[in-house]
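Every number here is computed from the coordinates shown, using simple stated rules; none is lab data. Note that this is a predicted model, so its numbers are computed, not measured. Positions of Cβ are generated from backbone atoms using ideal geometry, with glycine treated the same way; all protein chains shown enter the neighbour counts.
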Amino acid sequence: MTQLNPHLPLRLDNLSYSIGSKTLIDNLSAEIKSAGISIILGHNGAGKSLLLKLMHGVLQPSAGAIYWQQQIPDSDQYWRSLVLQKPSFFERSVRFHLEFILGVSKTEKSQHRERIEHALEICGLSELHQRKVSSLSGGEIQRLSLARAWVLRPKVLLLDEPTVALDPPAVSQFETLVKQFRDSGSKIIMTTHDIPQAQRLADEVLFIYQGKLAEQAEANSFFKAPTSCIAQHYLKGQLIAET
Amino acid sequence: MQESTSIWAQAWYLISSLDATLLEIVSLSLRVSLSAVLIATLIAIPLGAILACYRFIGHTAITSILTALMGLPPVVVGLGLYMLLSRSGPMGDLNLLFSSSAMVLAQSILILPIIASLMQQAVAEHYQRHLEQFRALGARQHHVILPLLWDARRALITSVLTGFGRASAEVGAVLIVGGNINHVSRVMTTTIALETSKGNLELAMALGLILLFISFSITSLMILIRDDHRLKNHN
């Protein structure tokens with residue numbers, strides 16, 4: 001996919017994020033230029049989710065800066081959506097959540113119905129639109145989370161390990177949706193520690209280790225011949241000693 | 001023993017025969033307490049929700065004051081209000097002293113901190129649970145307050161019932177500002193105190209039974225709401 005995305009490139013300049021004396025993202029610099037799906041890969045605790053949240057703007061870096069096409073992300077911008085690993089919902093219906101986010105983003109009322117129906121249909125939730133979220137399965141909840149992000153028609157979709165608690169059929173359904181969104185022109189940046197999933201989805205891989213960017217490469221070359229020693233170990237399923 | 005049995009029997013007779021005096025006192029008590037609950041709730045819900053979702057200068061002070069006022073001594077409220085409403089007080093011109101309105105005011109002041117604090121805790125719990133999601137969605141406090149209040153509705157009902165329970169059982173403040181005047185400001189609690197001191201235990205007992213019934217009803221309702229919620233969460 002080489003469609004132009006007005007918000008790319010994404011540039012991370014010497015990004016750091018610390019809590020107390022602990023540095024969780026350590027002077028990380030990278031640039032994401034291409035459309036398609038960029039996978040942030042790494043083991044648990046590597047800093048993938050933090051990096052994704054910093055990219056979105058939910059978290060502010062302790063040092064360094066993030067630029068989306070030279071703009072610093074702002075919470076009032078809805079061209080990007082973040083799907084959390086553990087999304088939360090009100091005790092309301094599926095449809096309410098889509099209406100709610102359209103209201104928050106000040107989307108024109110006249111567009112609400114069409115957008116909601118489309119998001120429900122594409123995410124396979126049309127039949128469930130009046131159901132309360134508490135009655136949905138794990139897979140349905142993640143699809144609702146995706147629908148809630150997608151209803152805003154984001155140019156960039158950030159997904160934080162969205163399939164971590166799903167069974168294989170639900171994962172497959174979810175991945176099909178992600179590919180559809182990519183094909184419609186949205187940039188997808190997704191975290192995962194699941195190597196087969198990364199291989200199925202990635203156009204580009206950013207391999208993170210201990211809060212640092214160990215390697216960034218086009219997906220095929222990364223999985224064939226990773227250049228960093230850490231990534232080679234990871235892909236072989238070998239334990240990486242903490243340093 | 002015989003005397004005690006006779007008091008119980010006469011108390012029960014007063015209730016079952018819907019005695020006019022008894023009904024008048026119960027009716028005034030309910031009107032006063034329900035009005036106080038309504039006024040306090042209308043102020044406490046937005047106050048509790050704002051304190052739960054917003055941070056501003058003085059937030060900690062207001063929260064601390066509200067929490068401290070949950071245990072406000074009723075007689076102190078009664079005394080303060082008496083000084084405000086008495087002829088020489090700053091609100092003396094309103095002629096509210098020794099009226100049911102003064103009693104409503106006293107009970108409102110007493111239960112407002114209770115309802116507001118309980119609301120704040122309940123809404124804050126929901127708000128903190130969703131905070132990262134709200135940030136991810138770009139939702140601000142004013143977007144989420146109403147849905148959060150809906151999610152916290154069971155806690156809201158419980159806090160209102162707690163406030164009603166406190167108001168209906170209150171005696172010190174309403175005695176001072178209401179004066180316990182027959183047909184004007186005589187409510188269940190003040191009548192029980194008065195009739196007991198006069199040795200007229202039948203009416204006091206009848207009113208005591210009604211108060212107990214109200215108290216048990218409120219507690220049962222709160223347990224029902226809680227269990228219904230747990231059952232729904234479990235399923």
Quiz item: Taking the alpha-carbon centroid of each part, what is the distance from the range B:83-113 to the range A:84-135 in angstrom?
Solution: 49 Å
Self-check item: Sequence-separation-based contact order of chain B, relative, with Cα cut under 8 Å and 6+ spacing, percent
Solution: 30 percent
Quiz item: In what sequence do A:SER49, B:SER29, B:SER215 fall when counting other Cβ within 10 Å, fewest first?
Solution: B:SER215, A:SER49, B:SER29
Exercise. Mind checking which of B:GLY89, B:HIS142, B:PHE56 is farthest towards the positive end of the range B:51-156's charge dipole, using Cβ charges of +1 (Lys, Arg) and -1 (Asp, Glu) about the Cα centre?
Key: B:HIS142
Self-check item: Relative contact order %, chain A, counting alpha carbon pairs below 8 Å whose residues are six or more apart
Solution: 28 percent
Quiz item: How about the range A:105-193: which trypsin sites (Lys or Arg not before Pro) there lie in a loop by DSSP and see at most 16 other Cβ atoms within 10 Å?
Solution: A:LYS106, A:ARG131
Quiz item: How far, in degrees from 0 to 90, does helix B:188-198 lean away from the longest principal axis of the Cα atoms of chain B, to the nearest 10?
Solution: 30 degrees
Quiz prompt | Cα-based Rg of the range B:128-235 normalised by 2.2 N^0.38 Å, two decimals | solution = 1.62
Practice problem: Using the Kirkwood radius over Cα pairs, work out the Stokes-Einstein diffusion coefficient for chain A at 25 °C and 0.890 mPa s, in µm²/s as a whole number. | Solution: 133 µm²/s
Quiz item: Exactly which trypsin sites (Lys or Arg not before Pro) in the range B:108-195 are in a DSSP loop and have at most 15 other Cβ atoms within 10 Å?
Solution: B:ARG140
Quiz item: Taking springs between alpha-carbon atoms closer than 10 angstrom, which of A:VAL178, A:VAL164, A:VAL205 fluctuates most in the Gaussian network model of chain A?
Solution: A:VAL164
Quiz prompt | Between the range A:183-207 and the range B:140-217, the alpha-carbon center distance in angstrom | solution = 61 Å
Quiz item: So for A:CYS123, B:CYS53, fewest C-beta neighbours within 10 Å to most, what's the order?
Solution: B:CYS53, A:CYS123
Exercise. Could I get the Rg over Rh figure for the range A:88-153? Both from C-alpha atoms, Rh via Kirkwood, rounded to two places.
Key: 0.93
Quiz item: Tell me which lysines have Cα within less than 26 Å of A:LYS132's Cα, excluding those fewer than 8 residues away on the same chain?
Solution: A:LYS86, A:LYS106, A:LYS109, B:LYS232
Practice problem: Compute the length gained on full extension between A:SER228 and A:ARG131: take 0.36 nm times their separation in residues and subtract their Cα-Cα distance, giving the result in nm to one decimal. | Solution: 30.1 nm
Self-check item: Formal net charge of residues neighbouring B:ALA40 (Cβ-Cβ distance under 14 Å; K, R +1; D, E -1)
Solution: 0
Quiz item: Nearest 10 degrees, 0 to 90: what angle lies between the long axis of helix A:94-104 and the longest principal axis of chain A (Cα atoms)?
Solution: 70 degrees
Practice problem: Please work out, to two decimal places, the log10 of the ratio I(q)/I(0) at q = 0.09, 0.13, 0.14 Å⁻¹ from a Debye calculation in which every Cα of the protein assembly as shown carries one identical scatterer. | Solution: -0.75, -1.14, -1.26
Quiz prompt | Rounded to 10°, Cα long-axis angle of helix B:2-16 versus longest principal axis of chain B | solution = 60 degrees
Quiz item: Mind checking which lysines have their C-alpha under 20 Å from A:LYS179, skipping anything on the same chain fewer than 8 residues away?
Solution: A:LYS33, A:LYS155, A:LYS187
Exercise. Wrap a convex hull around the Cα atoms of chain B, take a quarter of its surface area, and give that in square nanometres.
Key: 16.8 nm²
Quiz item: Using the Cα atoms of the range A:61-172 to build a convex hull, what is its mean projected area in square nanometres?
Solution: 8.2 nm²
Exercise. Could you grab the Rg to Rh ratio for the range B:1-124? Cα atoms only, Kirkwood for Rh.
Key: 1.14
